[in-house]
Amino acid sequence: MTQPFPYLLLPSLWASRNRARRRERGDGTRAAFFGIVGLGVAGAIFSGAFWLTVQLGGFADFGDYLLRLGLSWLFLSFLSFLAFSGIVTALSTFFLSDDLRLLLAAPVSARRLFHARFARTVGLSSWMVVVFIVPVLAGVGVGHCAPWSYYGLSVLAVIPFVAIPVAIGTAVTLLLVNIFPARRARDILMLMGLLFAGGLVVLLRMIQPEQLLRVESLPDITDFFATLQSPITPLLPSFWAAEAVFASLQGHLDALHMAALWTTACGLVVLVAAANERWHFTGFSKAQEARKRRFTRFEMLTRAARLMPMSPIRRHILVKDLKIFLRDVSQWSQLLLLLALVLVYLYNFRVLDLDRNPYMSGMIKNVYAFVNLAMAGLVMSTVCARFVFPAVSAEGAAFWIIRTAPVSLRAFLWSKFWTGFVPVFLLTELLTIAANHFLGVAPFLRVVSAAAVFFMSLALVGLATGLGARYPRFNADNPSQVAGSYGGVAFMIIAVLFMILLIIFVGWPASMFLWYSANPRLILPAQTALLGAAGFLAALVLSLSTWWFGMRSGVRALESME
Amino acid sequence: MISIHDLVKKYGAFTAVDRVSLEVRPGEIHGFLGPNGAGKTTTIRMIAGLLKPTSGRILVNGHDLATEPEAAKASLGFIPDRPFIYEKLTAGEFLRFHAGLYGMDDATVGSRVTEMLELFELARWEQELVESFSHGMKQRLVMSAAFMHRPQAVLVDEPMVGLDPRGARLIKDVFRRMSARGVAILMSTHTLEVAQEMCDRISIILKGQIIARGTVDELRALAGDPNQHLTEVFLRLTGGSALQEIDEVL
């Protein structure tokens, strides 16, 4: 007897079950860490939604109007995310998954395969939205004292709302794969997605949402939300979902919009299933064809590396690492997102209105210098976790080449260190100098910050390289997986602790010095000066020992690796 | 050239390799045979420097792998059973990178790369990314790299896996020529025809211990039948009686 389509989903469920059963070192810590962070975030979202709903409740009809607009806006922002996520996930589930060869060779009907894969695509591409929307809708419901039917109707609205963009995304994927080879399409999409995300971050920042927090700009809030409305909005599923949820909040059933959601979802699934039956196999066949991809030779890179004062082995490892990085779209495209975040970071300091209180601006500017240092440290930790920590794991299954070559693992790891150190240091140093310039902080603090960033770079890049060698994941599919592993999380925790200590050690003596400089009539006591020097010394020792311990631990781990 | 003495590898209570000693002389092709799980790959990986022995000594070209790992590895070429290479490099770039790791002079690398790619029939793929290669092409590229720095000893783990008959023939010819030039080759294989055809001497490993060693004729004599094919000799020495069981099951 032919099993119904959910049978085809069993392997992934069994795999998840087996992963949960088979515990590895650090799984408990990781689960606890992510569990606590997840609950904290969900709690914060719930509280935020609850607080906002209660506040809006105080404005009677106007509050309801804003809540309705807010819901519409919330669903609208998820709609585009779901469509894009649907395209990327469908590429993998329908065309690139390894298990497709097994399933397509088996006597499984195209329709059954479609339903199973579509269910998987919906699950994979929407879980993040669902995880976010549940505490929001719960917060709104509790804040508005909604009837119980609200929660049931919300679930009924969210299911088709999620299915519609994913179905559209699947159809787009089907079209793309029949035009381009699947892997090429994936690269194009990844790039488009990151450009989209980066652009969105910059745009959102440029509309200056902080103005909404100013009392004098309150009348503009309605205008602000109104700009998000347009004549086509009522035709979008996000509008239907928002209307259905808002009606259920008032204790009504908005049958029209609920029906629009369900009929559109079901109709699209039927249509996409039919298209899939017709064109899936052609696209899948194309995805199997050998790729003859165009790529850049980077001859300049090789020539430039020859001019650098380094040993030939380090030079070869550096050139190899850079070429691999620059040829992998999933790697270098993340730099675009980083660039967008850097622009926003600098823009924030540029638009800070510190002169509103002239009596305080001098002090606040200097306090901001330390905030800037902490932020630069966080940027550095994130960049290290994403790009430096996975450096050893990036060797993957080809690591045997290094291990069987006449190259000491110490030289190999130091080569990885310097490859990471130079860009991380330059990026963070430029960020700090530029931000301090925009802020107009005292010259003394500029020098202290610049020096601190140098030592921070040594410590964090050393720690990331070392821990990356200590906890490698050679079988990971991509560097993000490596960064999210036990070792990656451990690195982030240690990095944050390091940052806190460093800022305390540097911040206290620097503030003391500034305080006495601003008050020339006061004389700096010798004991305080000594304590200040000890603070700087402690920061120096902390940085150098973190660097040294990190690298030593990494070299030892590589040397004892089997 | 490759000399191992009382090599032991233990995984907890399990002994994967148990006091194995072996000598591969210059110009010799030495076959390393054994059933699955007998300890062949573990031994090869220890000689290549990928696994740390529990005890014992490994010398390559007179250099102790434990105390002079870089000098020992510089004399060695290693061809693993699965050809994992950097997918985002071209064949030419991979060989140049490999040459750099082995400290080859930049001035001679270019001509050597061309030479090796031509020898292994990969010249027209020099500028292609490795990710577009078939398994057999990757295997040939790994072999090009292994011979690139003119090693004095070569370790080969399952050389014929994934090669077409033309590729297999090419590899056999290369191995013969290299051994004629004095390169010592230690080759682990399951393909007994290849071992019979190419190896000067053969060691058979079973449950981590060498149970027989000698030329094909010496092994035949040891098995008690001088006219037997190597497969029969191997099965007899390693206690293989599975064929009869297969008949019973089928």
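The values are calculated or read from the model by the stated rules, or taken from the named source; none is laboratory data. All values reported here derive from a predicted model rather than from experimental measurement. Methodologically, a virtual Cβ is constructed for each residue, glycine included, from the backbone with ideal geometry; neighbour enumeration extends over all protein chains shown.
Being touching a residue at least 24 places away in the same chain (Cβ under 8 Å), in a helix (DSSP H, G or I), within 14 Å of chain B (Cβ to nearest Cβ) and not aromatic (Phe, Trp, Tyr) narrows it down to one residue among A:397, A:385, A:434; which is it?
From the options A:397, A:385, A:434, the qualifying one is A:397.
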Restricting to the stretch A:400-431, name every residue that is of a type in the set (D, E, K, R) and facing another protein chain (nearest Cβ under 9 Å). A:403
Residue, modelled with the lowest pLDDT, within the stretch A:316-339, restricted to residues that are over 12 Å from residue A:479 (Cβ atoms) and facing chain B (nearest Cβ under 7 Å): A:327
Could you grab me the full set of residues in the stretch A:433-491 that are of a type in the set (Phe, Trp, Tyr) and surrounded by fewer than 22 Cβ atoms within 10 Å (Cβ to Cβ)? A:438, A:444, A:454, A:455, A:474, A:486
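Given the criteria modelled with pLDDT under 90 and within 14 Å of chain A (Cβ to nearest Cβ), does residue B:37 qualify?
On the way: modelled with pLDDT under 90: yes; within 14 Å of chain A (Cβ to nearest Cβ): no.
The answer is no for residue B:37.
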I'd like to know if the stretch B:148-155 contains one or more residues that are within 12 Å of chain A (Cβ to nearest Cβ), assigned to a helix (DSSP H, G or I), in contact (Cβ under 8 Å) with a residue 12 or more places away in the chain and under 25 Å from residue A:324 (Cβ atoms). yes
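Please determine whether any residue of the stretch B:8-16 is within 13 Å of chain A (Cβ to nearest Cβ), crowded, with 23+ Cβ neighbours inside 10 Å, farther than 26 Å from residue A:313 by Cβ and in contact (Cβ under 8 Å) with a residue 40 or more places away in the chain.
Here is the first cut: in the stretch B:8-16, the residues within 13 Å of chain A (Cβ to nearest Cβ) are B:9-12, B:16.
Of the ones still in play, those that are also crowded, with 23+ Cβ neighbours inside 10 Å are B:9.
Applying the additional criterion that residues be farther than 26 Å from residue A:313 by Cβ yields B:9.
Next, only the ones that are in contact (Cβ under 8 Å) with a residue 40 or more places away in the chain stay: B:9.
Looking through the stretch B:8-16, at least one residue is within 13 Å of chain A (Cβ to nearest Cβ), crowded, with 23+ Cβ neighbours inside 10 Å, farther than 26 Å from residue A:313 by Cβ and in contact (Cβ under 8 Å) with a residue 40 or more places away in the chain.
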Test residue A:342 against the criterion of being within 14 Å of chain B (Cβ to nearest Cβ), modelled with pLDDT under 90 and assigned to a helix (DSSP H, G or I), and give yes or no. no
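Filter the stretch B:82-119 down to the residues that are among the basic types (Lys, Arg) and either within 9 Å of chain A (Cβ to nearest Cβ) or at positive phi (or both) and list them by number. Spell out how you get there, then give the answer.
Initial filter on the stretch B:82-119 (among the basic types (Lys, Arg)): B:82, B:88, B:96, B:112.
Scanning the stretch B:82-119 gives B:82, B:88, B:96.
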Can you tell me which condition residue B:141 does not meet? The list is (1) more than 13 Å from every other protein chain (Cβ to nearest Cβ); (2) touching a residue at least 40 places away in the same chain (Cβ under 8 Å), and all the others hold. (1)
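Among A:124, A:104, A:76, which is the only one that is touching a residue at least 12 places away in the same chain (Cβ under 8 Å), surrounded by fewer than 15 Cβ atoms within 10 Å (Cβ to Cβ), aliphatic (A, V, I, L, M) and in a helix (DSSP H, G or I)? Lay out the reasoning, then the answer.
Working: A:124 fails: surrounded by fewer than 15 Cβ atoms within 10 Å (Cβ to Cβ); A:76 fails: surrounded by fewer than 15 Cβ atoms within 10 Å (Cβ to Cβ).
Matching residue, one of A:124, A:104, A:76: A:104.
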Filtered residues of the stretch B:120-138 (kept if hydrophobic (A, V, I, L, M, F, W, C), more than 12 Å from chain A (Cβ to nearest Cβ) and either surrounded by fewer than 20 Cβ atoms within 10 Å (Cβ to Cβ) or in a helix (DSSP H, G or I) (or both)): B:123
Members of the stretch B:42-78 that are more than 12 Å from every other protein chain (Cβ to nearest Cβ) and hydroxyl-bearing (Ser, Thr, Tyr): B:43, B:55, B:67
